[in-house]
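Below you'll find the structure, written out as structure tokens, and then a few comments.
Values in this text are rule-based calculations from the coordinates and carry no lab data. Since this is a predicted model, take the numbers as computed values, not measurements. We place every Cβ from the backbone using ideal geometry, glycine too, and count neighbours over all the protein chains shown.
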Amino acid sequence: MAVRKRKTSKSRKLKRRTHWKLNTPNLIECPQCHELILPHRVCPSCGHYKGKEVVGE
């Protein structure tokens with residue numbers, strides 16, 4: 001069974017975990033209704049995508 005020689009220090013452990021973070025979603029403004037939406041998706045409030053109405057209300 002493997003036994004390590006030295007205890008992992010707190011600073012070394014925290015350095016390894018620096019990349020564990022959440023990314024904020026990139027939001028853009030809908031050109032039709034000016035609501036914030038995710039890019040390359042149909043606007044949930046007005047139903048437009050690339051200037052065309054895709055989903056009718």
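Farthest towards the positive end of the charge dipole of the chain, among the residues GLY51, HIS19, ALA2, is the Cα of ALA2, using unit charges on the Cβ of Lys, Arg, Asp and Glu. Nearest 0.05, what FRET efficiency do GLU53 and ASN23 give at R0 = 25 Å with Cβ-Cβ as r? The value I calculate is 0.20. In a reduced charge model with +1 at each Lys and Arg Cβ and -1 at each Asp and Glu Cβ, region 17-57 shows a dipole moment near 340 debye about its Cα centre.
Using only DSSP helix segments of four residues or longer, with each worth -39500 (n - 2.57), what per-residue ellipticity at 222 nm results for the chain after dividing by its residue count and rounding to 500?
Numbers: 1 runs with 7 residues, N = 57.
About -3000 deg cm²/dmol.
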